[in-house]
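The values are calculated or read from the model by the stated rules, or taken from the named source; none is laboratory data. Remember, it's a predicted structure, so these values are computed and weren't measured experimentally. Using ideal geometry, Cβ is built from the backbone for each residue, glycine included, and neighbour counts are taken over all protein chains shown.
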Amino acid sequence: MSMTVIPQADPGAGYRAQQAEIDAAVARALASGWYILGREGEAFEQEFAAWLGTTRAVGCANGTDALALILRGLGIGEGSTVATVSHTAVATVAAIEMAGAVPLLLDIDPDTYTMDPDELVAVLEDPPPGLPPIRAAIAVHLYGQACDLDPMLAACQAAGAALIEDCAQAHGAMLGGRRLGTLGQASAFSLYPTKNLGALGDGGVLATDDFELADRIAAIRQYGWKERYISSMVGVNSRLDEVQAAILRVKLTALDAGNERRRQIAAAYDAALAGGPLSPPARRPDAEHVFHQYVLRAGAWGMTRSDVQARLRNDGVGTGIHYPVPVHLQSAYAGRVPLGPAGCAETARASQEVLSLPMYPELTDDQVGHICWALRNLAG
Ligand SMILES: *Cc1c(COP(=O)(O)O)cnc(C)c1O
């Protein structure tokens, strides 16, 4: 029997769900005759900051640049170390090196896949020898769930280091009733098409309550200009274009409902997994997850991850792996980037076992029902 496979991600579905509004927004941006840093971009920045709860948001070309721009804006580059994790999109680590700093890669808590705060406390108190001073930590709220942020914030504050939130997978997520992206010095969001808030091309936005930092970064993103054609500081080119900004203004209106739908789908998967060989993902108490990804740990009851993947595919369910090789084991980084004292052992184990189920708001009830059937089938 042949069966169409439900894809693990489907960015086209998000476009189709709001097609008439998005098409109208694109037509408006095209007709305006102004394509870079104009009214749509300004309106998106204001609407995004209002939605998030910061005083400022600054659009840029992508999420990687958002992180690098924050570091540059804070003056963190050559002669600085920035602590983060190896179990993340390579972009997090690439951004640190783009800014000129040294990444220090720490291990994760195996249940939530986010930075082990104790290791951050340890390296801030007793920095590894031979590294420049640790001037910042990038907290990655992976898969849509908050890091254990409070001890990390306290440790950074005590050490005089900045805490930057990588919210590329956590648009709308909360911790203790507070919205992620409002808790550190600044936060970076990717607007890549598959993210919870996705453009139809590349895009990024960063947010902060620090007006001076926002102004500095707004200049750095365009050649260091405060005044046109005059660079008052060294900058780059990293702008969000008007067409993407217009699209994002439409997409932003669907973000909260989309996150709610993701949580509903996650609850259905939880129920289908109950009593079976694979456990649902752990939820941090006090955190509101936005399920950028719904991630299982495969490899229980004698089934390897590739067994689980093959059986689900046979049953018409696509899966993904986020991420198959930790950053510190990729050839561009291996043996070159420093690791924390824990040596990223849990990171290496997670990379062998994680498996992501289909997750996007446009999954139909029938598709979710089918995926749940396939999950129950794993136990049989
Ligand atoms: C997607 C992502 C980024 C980078 O975003 P781009 O827009 O692709 O540059 C950074 N960090 C994490 C955790 C991501 O998932």
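Does Leu191 satisfy the condition of being buried (at least 22 other Cβ atoms within 10 Å of the Cβ) and more than 13 Å from the chain's Cα centre (by Cα)? No; evaluated as a whole, the condition is false for this residue. Strands (runs of 3 or more DSSP E) fully within region 120-208 that include at least 3 residues being of a type in the set (Gly, Ala, Ser): 134-140, 186-190.
Scan region 337-380 for residues that are in contact with a helix residue (DSSP H, G or I) (Cβ under 9 Å, 6 or more places away or on another chain), crowded, with 17+ Cβ neighbours inside 10 Å and acidic (Asp, Glu) and the total you get is 1.
Given the options Tyr294, Tyr323, Tyr333, Tyr269, name the one that is in contact with a Cys (Cβ under 8 Å, 6 or more places away or on another chain) and modelled with pLDDT of 95 or more. Selected residue: Tyr269, the only one of Tyr294, Tyr323, Tyr333, Tyr269 that is in contact with a Cys (Cβ under 8 Å, 6 or more places away or on another chain) and modelled with pLDDT of 95 or more.
Is region 221-232 home to any residue that is touching a residue at least 12 places away in the same chain (Cβ under 8 Å), of a type in the set (Gly, Ala, Ser), assigned by TED's automatic domain parsing to the domain that holds Tyr35 and within 15 Å of the ligand (Cβ to nearest atom)? Within region 221-232, none of the residues are touching a residue at least 12 places away in the same chain (Cβ under 8 Å), of a type in the set (Gly, Ala, Ser), assigned by TED's automatic domain parsing to the domain that holds Tyr35 and within 15 Å of the ligand (Cβ to nearest atom).
Taking the options Cys156, Cys147, Cys167, name whichever one is assigned by TED's automatic domain parsing to the domain that holds Asp126, near the ligand (Cβ under 10 Å from one of its atoms) and under 24 Å from Val102 (Cβ atoms). Explain how you work it out, then say what you get.
Working: Cys156 fails: near the ligand (Cβ under 10 Å from one of its atoms); Cys147 fails: near the ligand (Cβ under 10 Å from one of its atoms).
Exactly one residue qualifies, and that residue is Cys167.
Total residues in region 123-144 satisfying the condition of being more than 16 Å from the ligand (Cβ to nearest atom) and in contact with a Leu (Cβ under 9 Å, 6 or more places away or on another chain): the figure is 6. Set side by side, the residues Pro128, Pro117 differ, and just one is over 17 Å from Cys167 (Cα atoms) and without any contact (Cβ under 8 Å) to a residue 60 or more places away in the chain, which is Pro117. Please tell me if Thr88 is under 30 Å from Ala345 (Cα atoms), touching a residue at least 60 places away in the same chain (Cβ under 8 Å) and part of a loop (DSSP other than H, G, I, E, B). Against the criterion (under 30 Å from Ala345 (Cα atoms), touching a residue at least 60 places away in the same chain (Cβ under 8 Å) and part of a loop (DSSP other than H, G, I, E, B)), Thr88 qualifies.
To keep it simple, each residue is scored yes or no on (1) over 30 Å from Ala154 (Cα atoms); (2) touching a His at 6+ places or on another chain (Cβ under 9 Å); (3) within 14 Å of the ligand (Cβ to nearest atom); (4) at pLDDT 95 or above.
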| site | (1), (2), (3), (4) |
| --- | --- |
| Asp202 | yes, no, yes, yes |
| Leu206 | no, no, yes, yes |
| Asp209 | no, no, no, yes |
| Leu213 | no, no, no, yes |
| Ala218 | no, no, no, yes |
| Ser238 | yes, no, yes, yes |
| Glu242 | yes, no, no, yes |
| Ala245 | yes, no, no, yes |
| Leu255 | yes, yes, no, yes |
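The listed residues are Gly276, Gly299, and the only one of them that is at negative phi, more than 23 Å from the chain's Cα centre (by Cα) and either not aromatic (Phe, Trp, Tyr) or not assigned by TED's automatic domain parsing to the domain that holds Leu191 (or both) turns out to be Gly276.
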